[in-house]
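Take a look at the structure below.
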Amino acid sequence: QVQFVESGGGLVQPGGSLRLSCVASGFTFSRFSLAWFRQAPGKDHELVAVITENDSLTYVSAVKGRFTISRDNAKNTVNLQMNNLKPEDTAVYYCNSAPPMAGSWGQGTQVTVSA
């Protein structure tokens, strides 16, 4: 059974930082591209960042230069370092494969950026 468990969210002031982590299980982690997505209230999941099985990186333009995705295949973990956070980054953040596996979304972790 494929499972993603996200952690690390919280409330932070504009300009602050957070580090999100996700532990995955139920599939051969090292063979898949992994991604972070986010979902703001009333909106669909938005792709934020991707790291391929060969460590190639892709970011949505809104987070380039502020967010960094990384992976640790030994721990089946994918991380998202978020710096210089803005109020528009407020959302529930999820990890999944890229493209996402149907029916495998975790509960996500809430990130709120507010003064």
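The values are calculated or read from the model by the stated rules, or taken from the named source; none is laboratory data. In this text the structure is predicted, and so the values were computed from the model without any measurement. No Cβ is skipped: glycine too gets one built from the backbone with ideal geometry, and neighbour counts run over all protein chains shown. In case anyone asks, the SASA skips ligands and DNA or RNA and just uses the protein heavy atoms, side chains included. Shrake-Rupley method; radii C 1.70, N 1.55, O 1.52, S 1.80 Å.
Odds and ends about this structure:
- Yes/no for residue 40 being closer than 16 Å to residue 88 by Cβ, open to solvent by less than 80 Å² (accessible area, probe 1.4 Å) and at pLDDT below 95: yes
- For the stretch 86-96, filtered to residues that are touching a residue at least 40 places away in the same chain (Cβ under 8 Å) and over 14 Å from the mean Cα position of the chain (by Cα), the residue that is nearest to residue 62 (Cα to Cα) is 86.
- Among the candidates 35, 49, residue that is of a type in the set (Gly, Ala, Ser), in contact (Cβ under 8 Å) with a residue 40 or more places away in the chain, crowded, with 16+ Cβ neighbours inside 10 Å and part of a strand (DSSP E or B): 35
- Cβ-Cβ under 6 Å pairs, at least 6 apart or on other chains, the stretch 2-15 side outside any loop (DSSP other than H, G, I, E, B), far side open to solvent by 40 Å² or more (accessible area, probe 1.4 Å): 3/25; 3/26; 5/23; 11/112
- Residues in the stretch 74-103 that are assigned to a strand (DSSP E or B), of a type in the set (A, V, I, L, M) and within 13 Å of residue 38 (Cβ to Cβ): 80, 82, 91, 92.
- Hits in the stretch 74-103 (condition: of a type in the set (Gly, Ala, Ser) and either open to solvent by 40 Å² or more (accessible area, probe 1.4 Å) or under 24 Å from residue 14 (Cβ atoms) (or both)): 74, 91, 102, 103
- Meets criteria (at pLDDT 95 or above, loosely packed, with under 15 Cβ neighbours inside 10 Å, out of contact with any helix residue (DSSP H, G or I) (no Cβ under 7 Å at 6 or more places or on another chain) and not charged (D, E, K, R)) for residue 9: no
- Residue count for the stretch 12-32, restricted to those that are surrounded by 14 or more Cβ atoms within 10 Å (Cβ to Cβ) and on the phi > 0 side of the Ramachandran plot: 0
- For the stretch 61-73, taking the residues that are open to solvent by less than 40 Å² (accessible area, probe 1.4 Å) and aliphatic (A, V, I, L, M), the one that is farthest from residue 38 (Cα to Cα) is identified as 69.
- Of the criteria (1) open to solvent by 60 Å² or more (accessible area, probe 1.4 Å); (2) touching a residue at least 12 places away in the same chain (Cβ under 8 Å); (3) in a loop (DSSP other than H, G, I, E, B), which one residue 106 fails: (1)
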